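Q: I am attaching a structure below and will ask some questions about it afterwards.
The values are calculated or read from the model by the stated rules, or taken from the named source; none is laboratory data. Every value quoted in this text rests on a predicted model; they were computed, and no experiment measured them. Note that each Cβ is placed from the backbone with ideal geometry, even for glycine, and that neighbours are counted across all protein chains shown. Surface areas here come from the heavy atoms of the whole protein model, side chains and all, with no ligands, DNA or RNA. Shrake-Rupley method; radii C 1.70, N 1.55, O 1.52, S 1.80 Å.
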Amino acid sequence: MNINREHVALSAYLNLLERKGFSKEQLRQREVIILKLVPYIEKINSDGLAFRSAVDELFKKLDESQWAAYLPVVRDYFSFWINDIKAIVAMNQDNAFEVNSTEWKPKETDLKQMWNSLDEITLTSSEAQPLETYESALRNHGADDFFVATCKKLVKLLLLMLRSAPHKQPAAYRKAVDANLSLFTSEEAYNIFLKVGREFYYFWKGDLSAPDQVHPAFA
């Protein structure tokens, strides 16, 4: 592997943020996060599954209080790491790199209270349809009833937070995922939520290939 790959990607990422107006302190915070990730990714293939596994290994070494700060930075860095120009352009157009973004964000709410009251809330037909398709994909991969019920509850929490989003934008979805992270205090629950969030995104945006994004290891 090219050991410079990580640092070339980091330089491109930081240069873009600097042009967007990020302060030296903000840039340094992101640099420190990526530099802690580098040892986990510098010898792996440039693909999503390998990257996610490496990130999972890093998160095992972090205090749980750091997860929410690390995740958005690591996620944004990924497109630079694999040199996905189209993804970077799309994220830029979606205002993913704005330092003082005024874009939509989920309403502040008591997540634990919302979690406990999920069963009492009815989804709209447009919300229920992608969830039903996701459930079908999970079952096709052999997921049992308990696992399916857990995933459906996690997805429902996401859908409720996304109700006020003006459009089905990737940035809005990411913000909803990030807003929910504080609800999960165990590493296992945190990782399950992240994986469900990654999978359901394709169903939420209506991607015809969404069922192919469900990983059998999940079930």
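Q: Give me the extension gain from MET114 to SER164: residue separation times 0.36 nm, minus the current Cα-Cα distance, reported in nm with one decimal.
A: That pair, MET114 and SER164, stretches by 16.4 nm at full extension.
Q: What is the helix-to-structure angle for 145-161, meaning the angle in degrees between its Cα long axis and the longest Cα principal axis of the chain, kept from 0 to 90 and rounded to the nearest 10?
A: Computed tilt is about 70 degrees.
Q: A follow-up question, please. Between the alpha-carbon centers of region 21-78 and region 151-205, tell me the distance in whole angstrom.
A: If you average the Cα positions of each part, the centres end up 19 Å apart.
Q: First compute the accessible area of the chain with a 1.4 Å probe, then give the percent of it belonging to carbon and sulfur atoms.
A: Its accessible area is 50 percent carbon and sulfur atoms.
Q: Quick one: if you stick a label point 7 Å off each Cα along the C-beta vector at LEU35 and GLU188, how many nm between them?
A: So the label points at LEU35 and GLU188 sit 3.6 nm apart.
Q: Roughly how many Å² is the accessible area per residue of the chain, as a whole number, for a 1.4 Å probe?
A: Averaged over the residues of the chain, the accessible area is 55 Å².
Q: Using a/c under 1.5 as the rounded threshold, could you call the chain rounded, prolate or oblate? The axes a ≥ b ≥ c are square roots of the C-alpha gyration tensor eigenvalues, and prolate needs a/b larger than b/c, oblate otherwise.
A: Note, shape of the chain comes out prolate.
Q: Going down the list LYS61/LYS195; LYS43/LYS195; LYS20/LYS86; LYS60/LYS205; LYS61/LYS156, which pairs span over 27 Å between their C-alpha atoms?
A: Too far apart for the 27 Å limit: LYS60/LYS205; LYS61/LYS156.
Q: Next question. Under the 0.36 nm per residue contour assumption, what length would be gained going from the current alpha-carbon distance of GLU132 and LEU16 to full extension?
A: The GLU132-LEU16 span can extend by a further 37.9 nm.
Q: Extension gain ASN83-PHE146, at 0.36 nm per residue separation less the Cα-Cα distance, in nm?
A: Going from the current span to full extension adds 18.8 nm.
Q: Evaluate E = 1/(1 + (r/R0)^6) for ILE121 and ASP56, where r is the Cβ-Cβ distance and R0 equals 41 Å; express this FRET efficiency to the nearest 0.05.
A: Calculated transfer efficiency: 0.85.
Q: Next question. How high is the relative contact order of region 128-219? Use alpha-carbon pairs under 8 Å, at least six apart in sequence, and give a whole percent.
A: Working: 64 pairs, mean separation 41.3, N = 92.
Worked out over region 128-219, it gives 45 percent.
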